[in-house]
1. Just how large is the dipole of the stretch 238-383 about the Cα centre, in debye to the nearest 20, putting +1 at every Lys and Arg Cβ and -1 at every Asp and Glu Cβ?
2. Packing-wise, with mean Cβ within 10 Å as the measure, how do 229-242, 150-163 rank, highest first?
3. Calculate the radius of gyration of the Cα atoms of the stretch 419-473 to one decimal place, then report Dmax, the largest Cα-Cα distance, as a whole number, both in Å.
4. Run the reach check for residue 78 against aspartates and glutamates, Cα to Cα strictly under 14 Å, same-chain hits fewer than 8 apart removed. What comes back?
5. If you roll a 1.4 angstrom probe over the protein chains with everything in place, what fraction of the accessible area of the stretch 322-380 belongs to carbon and sulfur, to the nearest %?
6. Which label marks the calculated value of volume of the Cα convex hull per residue in Å³, given the options (1) 188; (2) 220; (3) 147?
7. Rank by packing, highest mean first: peptides 123-129, 166-172, with packing defined as the count of other Cβ atoms within 10 Å averaged across residues.
8. Averaged per residue, what accessible surface does the chain expose to a 1.4 Å probe, in Å²?
Amino acid sequence: MRDLALCLFLFFLAKRVNSVPTKEQFESCLSTISKNPLNLTNYTSGSRIDTAFSESSPPDSSFLNLNFTSLKPILTLKPKSESEIKKAILCSKKLGVQVRTLSGGHDYEGLSYLSLSPFIILNLVNLRSITINLTEETAWIQSGATLGEPYYKIAKTSKVHAFAAGTCPSVGVGGHFSGGGLGAMMRKHGLASDSVVDARLMDVNGRILNRRTMGEDVFWALRGGGAASFGVVLSWKVKLARVPEKVTCFISHHPMGASMNKLVHRWQYIGAEVDEDLFIRVIIDNTKGGGQRRVQTAFQALFLGGVDRLIPLMNQKFPELGVQAQDCKEMSWIESVMFFIWKSGQPLETLLNRDLRYEDLYIKAKSDFVQNPIPENVFEEVTKRFLEKETPLMILEPLGGKINEISESESPYPHRRGNIYNIQYMVKWRVNTVEEMNKHVTWMRMLYDYMTPYVSSSPRGAYSNYRDLDLGNNTGISTSFEDARVWGEKYYRANFKKLGLIKGKIDPANFFRNEQSIPPLF
């Protein structure tokens, strides 16, 4: 099946290669529709792909390796104004090329900067202003910002405000918000998308729409349904969260063995049920001691309160972990953000670094949602499999709390009540060859297959921000909605149909599309 898909792709590519517009044609179009002289310093040639984040390089897809077969962008544009984005959209329509919008570059399959069809990249790096209104307790954030930038500005503005979003500060706001946005405060304040109260969207005709003018259906779709299917979101208005001046963090490390597996097994009954002020995630990875590979587990926690409240709660709910006051550290909310990226004590300006690299690694990632505690012996098997790889990773993040209070249909993100935690799987490697890629991707797929009986089903859930082309993909502008259901319902469950209907209204010609965008349903 994969060989057939690859042959079809190569045939399609051969037919189109001679009709791809040139860089000069695109620049000519931009100059023609511009009232002002075109500032070409805003544009870079498409002769190579500049990835914003090395780990985002797409290691694999379900039928071919995009890292080797993707077309190069005709142009990479770095607009400095909304009017330049409009020109780019109108010229793309005129010349018949796709638009890939790049916010932070963390798309796990690289769909924000790679494509099987002729395309341009809209890199929003120059559009990242942040305006905070403490009276309203809101902020307007442009899509080119990374999470660390609003975190930093909020912390410099107030000691008792924060924003509930992801733990990695170099992730782009645009993709994170539009895919849901899991984070360390989600049990208390919900997903990042749950706090979005308005947005400014540029549609296929270059119109700028806000919540009122786009309508509630389109606004609903942007908050978890993947905004790249509907247009270019220019900026987001979010509700800030109130936090105490001091929060508490701890991390508890445990080496492989029966006791470690028992702790992870026990955590499953606690993580989603404990006080919503407490977030304890589980990180399973490898370490080397004395030249020998070992598996370890870390329980990393954020508590929205002081240690005087945390320790009695831990003693009551999770005494097996053995956390004591001396294991904990009180800090500000912004310092807890640094704690979660293992950079405690470093300057807060670290959060403004858009390129927080973790070495030049290639990755394959997958995700799951768990609805019932997994048997203890499963973690024993995971430990054995981890010993086969140098850099495997599993992150288990508890749900519950505010997540459960929001209905499955209130936003496109459906993985609410009934799910106790999500899993992110990842494997990394350094050598970019097909042989090396296949070895690691095969290992990841086998682990994923092994976990099948223990995770959600009918359909097996997945988190859209952990993009995974193994689930299925579109094959072009003619991809039917029914074909896309193969992957779409894993991300969005029953909400996928509503997303298709909204797509059919705002972008019936399917101009805004990629290998996992929402096809229109009429």
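1. Once rounded to the nearest 20, the dipole reads 240 debye.
2. Answer by packing, highest mean first, reads 229-242, 150-163.
3. 12.8, 38
4. In chain and number order, the partners are 27, 50.
5. 46 percent
6. Recomputing volume of the Cα convex hull per residue in Å³ here picks out (3).
7. Descending packing order for the listed peptides: 166-172, 123-129.
8. 40 Å²
The values are calculated or read from the model by the stated rules, or taken from the named source; none is laboratory data. Predicted model, so just to flag it, every value in this text is computed and none were measured. Don't worry about glycine lacking a Cβ; one is built from the backbone with ideal geometry, like all the others, and counts go over all protein chains shown. Ligands, DNA and RNA are stripped out before the accessible areas are found, and what is left, the full protein with its side chains, is counted by its heavy atoms. Shrake-Rupley method; radii C 1.70, N 1.55, O 1.52, S 1.80 Å.
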